[in-house]
Amino acid sequence: MQPTNIQTMTVEQFDEWVYLPENINTNYEYIGGEIIPVVANNKSSTIAIEVAFVIKDYLRKNKLKGIVTGSDGGYIIGGERYIPDVAYTSHEKAPHALNVGYSPIPPDLVVEVISNPANSAEMNELLVKVPNYIAEGITVWVIDPVAEQIKVYEPQKAVKILSADMTLTGGAVLPDFAVRVGDIFAE
């Protein structure tokens, strides 16, 4: 039973539906009462992997523990179910990865890589997800591969827009973390 169009249901119905055998090997988000299939492309996937790599590298070099998940790691955010492209959860918050479909422990940082900026549905999903992430105290990096920009959303701070020649820092979540934005887009 794969949705051909956007379907609506309660979160309880979604939690049952998403674990049906025919849905196990696919990824869906529950945003604003709707089932949203997770879509990606090679470029956005490559960027997400690069970001996950630099975060893991930072953690290793600084001998820090934490969980970094990719686009198969789901989280319960504001009662909804999200699958960010990359997420980081500190060791203090979650000493080990949970063996659950959608973790009830919200991450400290999420990265959403825009697959297609011309896709109004995807952009509308971000308009719902970003405020929900921030309401949970999560820092959000929204990466636009076409514009080669990163928007940084931190709770109770103004949004920062970083271009390729600027430096992305980890703020309070990843102290001393820094990477040139353009390096994230380099192939």
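The values are calculated or read from the model by the stated rules, or taken from the named source; none is laboratory data. On a predicted model such as this, the values are computed, not experimentally measured, just so you know. Note that we place each Cβ from the backbone using ideal geometry, even for glycine, and neighbour counts take in every protein chain shown. Remember, those area values only see protein heavy atoms, side chains included, never the ligands or the DNA or RNA. Shrake-Rupley method; radii C 1.70, N 1.55, O 1.52, S 1.80 Å.
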Q) Taking segment 107-139 only, how many residues are part of a loop (DSSP other than H, G, I, E, B), in contact with a helix residue (DSSP H, G or I) (Cβ under 8 Å, 6 or more places away or on another chain) and either without any contact (Cβ under 8 Å) to a residue 40 or more places away in the chain or open to solvent by 30 Å² or more (accessible area, probe 1.4 Å) (or both)? A) 2
Q. Given the structure, is K56 over 20 Å from I143 (Cβ atoms) and without any contact (Cβ under 8 Å) to a residue 24 or more places away in the chain?
A. no
Q: Take segment 10-67 and flag every residue that is over 14 Å from V113 (Cβ atoms) and among the basic types (K, R).
A: K56, R60, K61, K63, K65
Q: State which residue is farthest from D72 (Cα to Cα) when the search covers only segment 27-46 and only residues that are of a type in the set (G, A, S) and either touching a Ser or Thr at 6+ places or on another chain (Cβ under 8 Å) or not in a loop (DSSP other than H, G, I, E, B) (or both).
A: G33
**Q.** Single residue of V142, V146, V113 found to be among the β-branched types (V, I, T), out of contact with any strand residue (DSSP E or B) (no Cβ under 9 Å at 6 or more places or on another chain) and farther than 20 Å from V11 by Cβ
**A.** V146
Q: For P84, indicate whether it is in contact (Cβ under 8 Å) with a residue 12 or more places away in the chain, open to solvent by 40 Å² or more (accessible area, probe 1.4 Å) and within 23 Å of I24 (Cα to Cα).
A: no
(Q) Give me the strands (runs of 3 or more DSSP E) completely within segment 65-105, filtered to those with at least 1 residues that are out of contact with any Lys or Arg (no Cβ under 7 Å at 6 or more places or on another chain), of a type in the set (F, W, Y) and closer than 15 Å to T139 by Cα, ordered by residue number. (A) 74-77, 86-90
Q: Could you figure out which of (1) closer than 22 Å to L98 by Cβ; (2) exposed (fewer than 12 other Cβ atoms within 10 Å of the Cβ) isn't true of I55?
A: (2)
Q | Hits in segment 165-180 - residues which are surrounded by 14 or more Cβ atoms within 10 Å (Cβ to Cβ), modelled with pLDDT of 95 or more and part of a loop (DSSP other than H, G, I, E, B) | A | M166, V173
Q. Could we say that D183 is of a type in the set (D, E), open to solvent by 60 Å² or more (accessible area, probe 1.4 Å) and part of a helix (DSSP H, G or I) here?
A. yes
Q) open to solvent by 20 Å² or more (accessible area, probe 1.4 Å), within 25 Å of F185 (Cα to Cα) and more than 13 Å from the chain's Cα centre (by Cα): does that describe N25? A) no
(Q) Looking at segment 140-163 only, could you name the residues that are surrounded by fewer than 18 Cβ atoms within 10 Å (Cβ to Cβ), part of a loop (DSSP other than H, G, I, E, B) and in contact (Cβ under 8 Å) with a residue 24 or more places away in the chain? (A) V146, A147, E148
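Any residue that is buried (at least 21 other Cβ atoms within 10 Å of the Cβ), out of contact with any helix residue (DSSP H, G or I) (no Cβ under 8 Å at 6 or more places or on another chain) and at negative phi - is there at least one of those in segment 36-51?
Yes, that holds for at least one residue.
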